[in-house]
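Structure first, then comments.
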Amino acid sequence: MNSQGFVWAGIFVQDMESSVVFYRDVLGLRLLNRGDGWAHFDAGNGAMLELMDGGNAHPAPKDAGRQPIILGLRVGDLDAVYAELRQKGITFIGEIGQYKETRWAHFSDPEGNRLEIKEIPPGDSA
């Protein structure tokens with residue numbers, strides 16, 4: 001297989017209404033379209049994020065047994081986005097991580113689905 005890149009990710013949610021509000025208004029993802037039990041967002045660089053009915057909300061960030069994958073969103077300025085999300089009420093999980101020039105921070109949505117913001121130097125595909 002010759003993959004041309006990552007184009008889609010889906011997250012199962014329990015409360016579609018509050019999840020749409022979070023991904024649109026807190027994270028700032030553009031809502032592309034919505035139907036019965038699903039919503040599509042522009043995740044950047046041609047990728048789409050889909051929220052789908054059928055999830056189970058959890059009051060704390062989900063562990064690997066509840067959520068075996070973490071969705072990472074690339075950002076240009078981690079410090080600025082981190083501060084913006086904190087101002088919007090996001091509590092981050094642990095400290096900002098770093099490996100060489102790449103930096104990241106983990107948090108969760110209101111249903112406990114873990115997410116990551118990641119700053120990758122220009123020209124690096126890490």
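The values are calculated or read from the model by the stated rules, or taken from the named source; none is laboratory data. As the structure is a prediction and not an experimental result, all values here were calculated from the model. Here the Cβ is made from the backbone with ideal geometry for all residues, glycine too, and neighbour counts use every protein chain on show.
Quick one: what pairs do we get from the range 11-39, first residue closer than 18 Å to residue 66 by Cβ and in the same structural domain as residue 49 (by TED's automatic domain parsing), second of a type in the set (Gly, Ala, Ser) and loosely packed, with under 12 Cβ neighbours inside 10 Å, C-beta under 9 Å, 6+ apart or different chains?
12/54; 13/54; 14/54
Of the conditions (1) in the same structural domain as residue 122 (by TED's automatic domain parsing); (2) polar (S, T, N, Q); (3) within 17 Å of residue 120 (Cα to Cα), residue 45 fails just one. Which one is it?
The failed condition is (1).
Just name the residue that is farthest from residue 117 (Cα to Cα) out of those in the range 4-43 that are in contact with a strand residue (DSSP E or B) (Cβ under 7 Å, 6 or more places away or on another chain) and surrounded by fewer than 13 Cβ atoms within 10 Å (Cβ to Cβ).
Checking each candidate, the answer is 37.
Does residue 123 qualify as being out of contact with any strand residue (DSSP E or B) (no Cβ under 8 Å at 6 or more places or on another chain), modelled with pLDDT of 95 or more and small (Gly, Ala, Ser)? So that I can check it myself, show each step before the final result.
Numbers: out of contact with any strand residue (DSSP E or B) (no Cβ under 8 Å at 6 or more places or on another chain): yes; modelled with pLDDT of 95 or more: no; small (Gly, Ala, Ser): yes.
So residue 123 fails the test.
Just to check your reading of the model, which residue among 101, 116, 111 is touching a residue at least 12 places away in the same chain (Cβ under 8 Å) and within 23 Å of residue 7 (Cα to Cα)? Explain how you work it out, then say what you get.
On the way: 101 fails: within 23 Å of residue 7 (Cα to Cα); 111 fails: within 23 Å of residue 7 (Cα to Cα).
The conditions single out 116.
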